[in-house]
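First comes the structure, then the notes that go with it.
The values are calculated or read from the model by the stated rules, or taken from the named source; none is laboratory data. None of these values were measured; they are calculated from a predicted model. When we count neighbours, we look across all protein chains shown, and the Cβ atoms used for this are built from the backbone with ideal geometry, even at glycine.
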Amino acid sequence: MEAIWLYQFRLIVIGDSTVGKSCLIRRFTEGRFAQVSDPTVGVDFFSRLVEIETGKRIKLQIWDTAGQERFRSITRAYYRNSVGGLLLFDITNRRSFQNVHDWLEEARSHVQPHTIVFMLVGHKCDLETQRQVTQQEAEKLSGAYGMRYIETSARDAINVEHAFTELTRDIFDLVRSGDITIQEGWEGVKSGFVPNVVHSSEEVTKSDRRCLC
Ligand code: GDP
Ligand code: MG
């Protein structure tokens, strides 16, 4: 049976080059840690379904940069068509933390008239002995921005599911409350897909249909 999803959310992952964006996305979508990733290989996006409540699935379309972040040459369309984002820095690289502000400004200036729900992510938390940014200062910054803060490791699979799922839930709540709406010509949120022929689980389909209304 084909997957049923209520909505599709398009997410982006931004932050300095080498902070671990591609590895985080691949850990989440492929379940493995690809040690070496070529920054110039431009795989556009990765997809995965997440179940946020029993029977309620969201399809995530997660866009990766193809090395453009090196030159801060990410296009406006990359930001404009997204509803959510992970703003990454590397906890062992202080400079990447200092640049978080610039990334956020860049995103905000490009995203008009929409908004992006961001989560601040301190990545490579497996490298505790090399830490250059404390959890407290990162939490202070995320608090100032009104975002959540989470620490992740793609290498050791720490909080990877949690980061994407929490962000998805936050966006879902805003969609449910009407603060974020589906708009023609905008890729951020798309309405769900319900197959015409359902071979099993008629009940799930019915309740999903209700949610779509
Ligand atoms: P990007 O440029 O932000 O996409 O970064 P990459 O995903 O290409 O990763 C850059 C480097 O960081 C690579 O050498 C990865 O192996 C390494 N890396 C990524 N995630 C982790 C992690 O969670 N822990 C550790 N220790 N290294 C990581
Ligand atoms: Mg990359």
* If we scan the range 124-138, do we find a residue that is in contact with a Phe, Trp or Tyr (Cβ under 7 Å, 6 or more places away or on another chain), in contact (Cβ under 8 Å) with a residue 40 or more places away in the chain, under 24 Å from S47 (Cα atoms) and not acidic (D, E)? -> no
In the range 83-107, residues that are farther than 30 Å from G185 by Cβ and either within 12 Å of ligand 1 (Cβ to nearest atom) or polar (S, T, N, Q) (or both) total 8
| Hey, any hits in the range 33-40 for a residue that's at pLDDT below 85, more than 10 Å from ligand 2 (Cβ to nearest atom) and within 23 Å of T115 (Cβ to Cβ)? | no
For the range 77-107, the count of residues that are assigned to a helix (DSSP H, G or I) and either touching a Gly at 6+ places or on another chain (Cβ under 9 Å) or within 15 Å of ligand 2 (Cβ to nearest atom) (or both) equals 8
Can you spot a residue in the range 76-99 that is at pLDDT below 95, out of contact with any Phe, Trp or Tyr (no Cβ under 7 Å at 6 or more places or on another chain) and under 26 Å from Q135 (Cβ atoms)? no
Is it the case that the range 50-62 has a residue that's within 16 Å of ligand 1 (Cβ to nearest atom), closer than 15 Å to R10 by Cα, outside any strand (DSSP E or B) and touching a helix residue (DSSP H, G or I) at 6+ places or on another chain (Cβ under 9 Å)?
no
By residue number, the members of the range 138-174 that are of a type in the set (A, V, I, L, M), out of contact with any Leu (no Cβ under 9 Å at 6 or more places or on another chain) and either at negative phi or in a strand (DSSP E or B) (or both) are A144, I158, L174
Residue under question is A66, and the condition is that it be farther than 19 Å from F164 by Cβ, not in a helix (DSSP H, G or I) and not basic (K, R); does it hold? yes
